[in-house]
Amino acid sequence: MDGIVGVYGLGDNELVNKTFLATGACQHRGKASTGLAIGNRKGIYVHKGLGRIAEVIDYNIIRTFQDLEPVAAIGNIGYTKRKISEKINAEPIEISPRIDSKYKIVVTMDGYLIKDDDLRAELEADYSLQTDNKTEVIGALLHRYITQEGVKFEAGEKLVEKLHGRATFALTALVHDGKEVYLITLNDARAFEPFCYAVIDGTFIASSESCSHRRLDGFTEKEYDGAEMTICSSGGYETKRLREEPMMPDIFQGAYFGSVGSLFRGKEIFQIRRELGLELVDHYKTSQADIVIPNPESGWGVTVGIAEGLRKKLFPALIKLPQAVRTFQEGEIRTRSKEVGLKFGGIDTLLKDKSIAMGDDSIVRGSVSQGGSVWVVYNAGAKFIEFWISYGPMFFPSFKEWHRGIECLYELAAQRAFKDDNPYDKTLDEINSAVAKLVGVDEVKYNSQDRIRKVAGDGSFQALDASYPIDHEFWPDWLKSEFDEFSRCQS
């Protein structure tokens with residue numbers, strides 16, 4: 001879930017600052033590390049470190065980089081790739097061939113590669129791989145194909161083909177050939193990861209999200225289709241689609257990951273979330289709540305729709321505390337429960353003796369709800385909680401969690417609620433009841449997949465129905481067995 005940016009602008013005296021601002025606009029996507037790389041006619045220069053962008057990139061770095069008269073730059077906001085953040089895995093990453101090469105490449109990526117042992121073994125003779133970061137593996141492949149084909153679309157075609165069905169990615173890369181620097185952008189054929197571009201005052205800017213373009217007072221021109229590549233050089237820039245097949249954008253970007261002000265397949269994410277709330281009300285019709293509150297921060301959009309549909313007052317009665325830590329990637333439920341206890345505070349005068357409709361984007365493991373927001377709301381004196389959820393019951397883990405083994409399946413709330421059974425042949429009402437008991441609320445009201453599709457469009461609903469962007473041959477055996485059981489119950 002990294003945020004990435006690529007900028008190209010000949011003679012742009014604000015290029016580095018624009019890269020800083022565009023990258024910083026994606027800060028919600030990652031807080032573990034930050035990096036910028038700039039390219040000029042002499043080469044490529046990288047600065048990166050652990051922490052948020054303002055902790056790593058200061059005015060002196062921006063001024064120094066701009067004094068180098070760059071024509072292109074890339075930026076990264078890094079999500080936690082390991083339990084403990086390590087600078088060596090921060091991006092952008094410079095690719096290190098073992099023999100002299102005409103091309104110098106620095107790359108950053110949002111996405112994930114399933115396994116990589118075989119690819120690392122294949123690259124070992126020609127590249128010195130310095131990190132545990134899968135971006136470096138993909139960057140080395142890109143370097144190999146550019147060495148073979150030049151800075152051309154044919155190199156991108158080879159990379160897309162090589163990784164098809166086993167990786168999702170949106171990447172930006174600086175390539176220096178000894179004479180000039182190029183900016184390359186490219187995504188996978190299924191367009192799973194969000195990626196878009198704009199030209200603002202003559203400067204090309206690609207980003208994980210359109211909030212980068214708005215930060216620079218511009219508007220997104222296009223969200224990339226699958227396997228779409230842009231090459232920027234002194235001769236201009238050109239975009240070409242390298243492979244055509246049905247796209248599978250990650251629908252969960254619209255429900256949770258994306259910035260509320262960004263676009264998701266042409267629609268503002270806030271409006272997607274608001275409409276998901278309206279669909280919930282249309283399905284469940286009634287509520288006994290006195291007031292509606294969001295589970296901050298990502299619960300705000302759906303809660304606006306719930307309050308609007310129910311025609312009830314919306315209050316910010318649950319607040320996210322300044323000392324809150326990011327808990328989404330913490331694998332240990334016990335550790336997550338302790339951490340979420342630091343996340344929330346409640347406003348007693350709004351919650352005491354009230355029946356509450358609380359909106360949230362999703363229930364993944366359920367630990368944030370159990371140990372955090374639900375406890376805080378009841379502790380403030382609420383007498384009844386309806387938990388309205390914009391997404392559906394999550395039966396399957398993200399493919400980015402498969403490396404942890406079958407544990408990532410069994411820790412999901414919908415699975416834990418049916419510990420000695422399975423949730424696949426249960427009605428939505430039965431699942432609502434079981435998960436409500438698990439997380440300790442009076443009612444849970446999940447959304448249905450059909451209603452989510454109606455609002456957000458078609459794509460990958462991997463957690464709901466195992467519609468992964470990853471080919472079946474790369475699935476772990478335990479998941480194949482689980483999916484067989486799911487299919488049997490659905491038939």
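The values are calculated or read from the model by the stated rules, or taken from the named source; none is laboratory data. Just so we're clear, the structure is a prediction, and the values are computed from it rather than from any experiment. Cβ coordinates were reconstructed from backbone atoms using ideal geometry, including for glycine residues, and neighbour counts include every protein chain displayed.
Among the residues of region 146-161, is there at least one that is part of a helix (DSSP H, G or I), among the hydroxyl-bearing types (S, T, Y) and in contact with a Pro (Cβ under 9 Å, 6 or more places away or on another chain)? There is at least one residue in region 146-161 that is part of a helix (DSSP H, G or I), among the hydroxyl-bearing types (S, T, Y) and in contact with a Pro (Cβ under 9 Å, 6 or more places away or on another chain).
For region 260-274, enumerate the residues that are buried (at least 22 other Cβ atoms within 10 Å of the Cβ) and touching a residue at least 40 places away in the same chain (Cβ under 8 Å). Passing the criteria: S262, L263, F264, I272, R273. Of the strands (runs of 3 or more DSSP E) contained entirely in region 165-283, not one carries at least 1 residues that are in the same structural domain as L310 (by TED's automatic domain parsing) and at pLDDT 95 or above. A count restricted to region 385-417 and to residues that are surrounded by fewer than 20 Cβ atoms within 10 Å (Cβ to Cβ) and part of a loop (DSSP other than H, G, I, E, B) stands at 3.
Would you pick out the residues in region 430-449 that are outside any strand (DSSP E or B) and either at pLDDT below 95 or not polar (S, T, N, Q) (or both)? Passing the criteria: E430, I431, A434, V435, A436, K437, L438, V439, G440, V441, D442, Y446. Taking the criterion of being closer than 27 Å to I84 by Cα, more than 28 Å from the chain's Cα centre (by Cα) and hydroxyl-bearing (S, T, Y), the residues of region 118-149 that qualify are Y127, S128. Within region 159-190, how many residues are within 30 Å of H472 (Cα to Cα) and acidic (D, E)? Result for region 159-190: 2. Among the residues here, A382 qualifies as assigned to a loop (DSSP other than H, G, I, E, B), farther than 30 Å from E161 by Cβ, without any contact (Cβ under 8 Å) to a residue 60 or more places away in the chain and in contact with a strand residue (DSSP E or B) (Cβ under 7 Å, 6 or more places away or on another chain).
Residues of region 48-70 that are without any contact (Cβ under 8 Å) to a residue 40 or more places away in the chain and under 23 Å from the mean Cα position of the chain (by Cα): G51, R52, I53, A54, E55, V56, I57. Does D132 meet the test of being in contact (Cβ under 8 Å) with a residue 40 or more places away in the chain and among the acidic types (D, E)? It is true that D132 is in contact (Cβ under 8 Å) with a residue 40 or more places away in the chain and among the acidic types (D, E).
Conditions (1) at pLDDT 95 or above; (2) within 16 Å of T172 (Cα to Cα), marked per residue:
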residue	(1), (2)
K31	no, no
K42	yes, no
R63	yes, no
P92	yes, yes
P97	yes, no
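Exactly one residue out of E245, E223, E209 is more than 21 Å from the chain's Cα centre (by Cα) and not aliphatic (A, V, I, L, M), and it is E245.
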